[in-house]
Amino acid sequence: MDRTLYSTEHDQFRSSVRDYLARDVLPNAEQYIEDKLIARDVWRGLGEQGVLGLEIPEEYGGGEAGDYRFNALAQEELAAVSMAFASSVGIDFDIVTPYIVDLASEAQKQQWLPRIASGEAVAAIGMTEPSVGSDLANLKSSAVRSGDDWILNGSKTFITNGYTCDVAVIAARTNPEQRSKGISLFVVDASLPGFERGRKLDKVGQPEADTAELFFDDVRLPADSLLGEVDRGFIAMMEKLPQERLGSAVTNVAHAKQILGETIEYARERKAFGQSIGSFQNTKFVLADLVTRIEVTQAYIDQAVAAHADGKLTAVDAAKAKYFSAEVQNAVLDSCVQVFGGYGYMREYRVARAWMDARVTRIWAGTNEIMKEIIGRSLDL
Ligand SMILES: Cc1cc2nc3c(=O)[nH]c(=O)nc-3n(C[C@H](O)[C@H](O)[C@H](O)COP(=O)(O)OP(=O)(O)OC[C@H]3O[C@@H](n4cnc5c(N)ncnc54)[C@H](O)[C@@H]3O)c2cc1C
């Protein structure tokens with residue numbers, strides 16, 4: 001079925017991003033995996049392509065598309081390279097940047113937005129802590145007033161771009177008497193004294209995404225590091241999380257769709273018993289099932305992207321998109337591994353890596369159990 005989400009203007013932007021990724025990024029994919037890092041020149045390249053400035057107003061060096069479809073198609077193209085590209089770059093331009101654009105002081109915007117737009121600065125977000133993930137309202141890192149400044153202490157874990165980030169949005173407790181109403185957000189310069197990084201974490205998949213722990217030891221933050229109002233950080237996160245979950249959903253489907261396409265090619269080529277494996281009825285039925293699942297899921301996600309572009313996406317619908325797309329992606333990739341047979345279990349094959357890369361999509365950006373909790377609450381049971 002033809003997708004109706006995108007116009008010619010979107011398609012032109014897609015072509016330029018796709019050409020850049022094919023020319024400058026895909027040939028080096030093995031190197032990024034080996035280095036466990038996306039090279040800085042890729043960030044700068046994506047800056048030049050206009051991807052990193054999609055959410056940033058022109059006065060700060062961005063292109064401010066003002067149309068979420070551009071964010072979505074950029075994420076689709078990144079996911080076709082790998083989930084790690086989609087997650088690392090997506091966190092930067094689609095998740096962290098809106099917090100700075102919407103909530104930072106003028107001086108902080110001037111300091112960070114032009115550098116994020118150009119790819120000179122990489123951004124991360126730290127919500128999760130060693131003892132707190134789903135139960136975000138219970139986070140322990142603290143920021144305490146010291147004159148006009150704030151003193152930040154505590155730690156974060158599983159932070160995407162954590163090892164290389166130049167700037168991070170950090171959630172910290174500013175009122176120990178409250179739960180969700182005692183949390184604030186700060187924009188934190190990663191070069192400040194007391195901001196320490198742990199090792200790159202050894203993940204099951206997505207090796208080229210750097211994921212790290214962060215430690216804060218009496219980090220002195222200037223007064224204007226506060227994002228928005230004090231003690232209102234939890235509300236800000238709840239307002240921004242639907243976009244994060246929609247971005248996840250977009251990449252989940254795009255990633256599975258890309259690998260499914262590669263699997264169909266393989267089924268045409270690979271021979272067994274003197275015929276292509278795609279000619280066996282079982283393979284045909286499996287692939288027919290997967291193509292259908294992807295297209296039907298895509299239709300929901302496209303509608304969610306259109307709703308978000310119109311400012312109408314609800315938190316519940318974003319949760320449905322994130323939950324369902326992650327389940328479909330994981331099921332599709334598991335079947336793709338099966339179609340590849342033994343080769344599907346070899347790390348050097350993209351299908352094997354994709355399968356490992358995808359496992360986390362049921363866990364991050366709010367686990368699928370938390371997504372069902374959000375959806376369940378809306379049923380007024
Ligand atoms: C590769 C990777 C990258 C990440 N990147 C970032 C990042 O950049 N920034 C960031 O802040 N975080 C990041 N995260 C953290 C991620 O968002 C958390 O791992 C996730 O929110 C789950 O939290 P947790 O790991 O503490 O699990 P827990 O909250 O301890 O959950 C454990 C299990 O209990 C279940 N559970 C918990 N509460 C409930 C409930 N109420 N009802 C039913 N089941 C429940 C969960 O669904 C899960 O199955 C990343 C994680 C990974 C693995």
task: Over the alpha-carbon set of the stretch 125-230, work out the extent along each principal axis and list the three values in angstrom, largest first.
output: 42, 29, 21
query: From a point 7 Å beyond the Cα of Leu379 in the direction of its Cβ, which residues of the stretch 303-338 have a backbone N at a distance under 14 Å?
result: 320
message: Please give me the summed charge of the neighbours of Asp67: other residues whose Cβ is under 12 Å from its Cβ, Lys and Arg +1, Asp and Glu -1.
response: -3
message: Run the helix sum for the chain: -39,500 (n - 2.57) per DSSP H stretch of 4+ residues, divided by residue count, reported at 222 nm to the nearest 500 deg cm²/dmol.
response: -15500 deg cm²/dmol
- line: Given unit charges at Cβ for Lys, Arg (+) and Asp, Glu (-), the dipole magnitude of the stretch 235-377 about its Cα centre in debye, nearest 20, is 220 debye
- request: Would you work out the charge dipole size for the chain about its Cα centre, treating the Cβ of every Lys and Arg as +1 and the Cβ of every Asp and Glu as -1, and quote it to the nearest 20 debye?
  value: 1240 debye
message: If I compute solvent accessible area with a 1.4 Å probe over the protein chains, what percent of it on the stretch 8-122 is carbon and sulfur?
response: 44 percent
query: Dividing the alpha-carbon Rg of the stretch 235-377 by 2.2 N^0.38 Å yields what?
result: 1.16
- prompt: Ignoring ligands and nucleic acids, what accessible area does Asp310 show with a 1.4 Å probe (Å², nearest 10)?
  reply: 100 Å²
- line: As a Kirkwood estimate from alpha-carbon pairs, the stretch 325-380 has a hydrodynamic radius in angstrom of 12.4 Å
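In µm²/s, what is D for the chain at 10 °C and 1.306 mPa s, where D = kT/(6 pi eta Rh) by Stokes-Einstein and Rh is the Kirkwood radius from Cα pairs? Don't jump to the answer; show the numbers that get you there.
Values: Rh = 21.4 Å.
Taking Rh from Cα pairs, D becomes 74 µm²/s.
For the pair Ser146 and Arg23, what calculated FRET efficiency results from E = 1/(1 + (r/R0)^6), where r is the Cβ-Cβ distance and R0 = 35 Å, to the nearest 0.05?
Values: r = 50 Å, r/R0 = 1.42.
For R0 = 35 Å, the calculated efficiency reads 0.10.
Quick check: net charge around Ala249, other residues with Cβ under 13 Å of its Cβ, Lys/Arg +1 and Asp/Glu -1?
-1
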task: Give the accessible surface of the chain per residue, rounded to a whole number of Å², with probe radius 1.4 Å and ligands, DNA and RNA excluded.
output: 45 Å²
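Suppose R0 equals 30 Å; then what is the FRET efficiency for Asn138 and Glu64 from their Cβ-Cβ distance, rounded to the nearest 0.05? Numbers along the way, then the final one.
Working: r = 36 Å, r/R0 = 1.20.
The formula returns an efficiency of 0.25 here.
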query: Within the chain, what is the longest stretch that has no trypsin sites (Lys or Arg not before Pro) placed in a DSSP loop and near at most 12 other beta-carbon atoms within 10 Å?
result: 4-311
field: Estimated inter-spin distance, Gln31 and Glu120, nm [label 7 Å along Cα→Cβ]
entry: 2.3 nm
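What relative contact order, as a whole-number percentage, does the stretch 8-122 give when Cα pairs under 8 Å and 6 or more residues apart are counted? Present the calculation step by step, with values, prior to reporting the outcome.
On the way: 126 pairs, mean separation 37.4, N = 115.
Dividing the mean separation by the residue count of the stretch 8-122 yields 32 percent.
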- request: Enter the accessible area of Ile95 (Å², nearest 10), with the probe set to 1.4 Å and all protein chains included.
  value: 20 Å²
Pairwise label distance in nanometres, Arg40 with Glu196, each label 7 Å out on the Cα-Cβ vector: 2.4 nm
task: Enumerate the amide H contacts of Phe158 below 5 Å, restricted to partners 5 or more residues apart or on another chain; note that Pro and chain-start residues carry no placed amide H.
output: Ala212, Glu213
- request: Counting only chymotrypsin sites (Phe, Trp or Tyr not before Pro) that are in a DSSP loop and have at most 14 other C-beta atoms within 10 Å, tell me the longest site-free stretch of the chain.
  value: 1-272
field: Proximal aspartates and glutamates to Lys257, defined as alpha-carbon separation beneath 15 angstrom and excluding residues fewer than eight positions away on the same chain
entry: Asp2, Glu76, Glu77, Glu265, Asp289, Glu295, Asp302, Glu327, Asp334, Asp357
- prompt: Residues in the stretch 141-155 near a label at Val230, defined as backbone nitrogen under 13 Å from the 7 Å Cα→Cβ point?
  reply: 143-151
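The values are calculated or read from the model by the stated rules, or taken from the named source; none is laboratory data. Everything numeric in this text was worked out from a predicted model, so none of it was measured. Glycine gets a Cβ as well: all are built from the backbone with ideal geometry, and neighbour counts include every protein chain shown. Note: accessible area is taken over every heavy atom of the protein model, side chains too, but ligands, DNA and RNA are not part of it. Shrake-Rupley method; radii C 1.70, N 1.55, O 1.52, S 1.80 Å.
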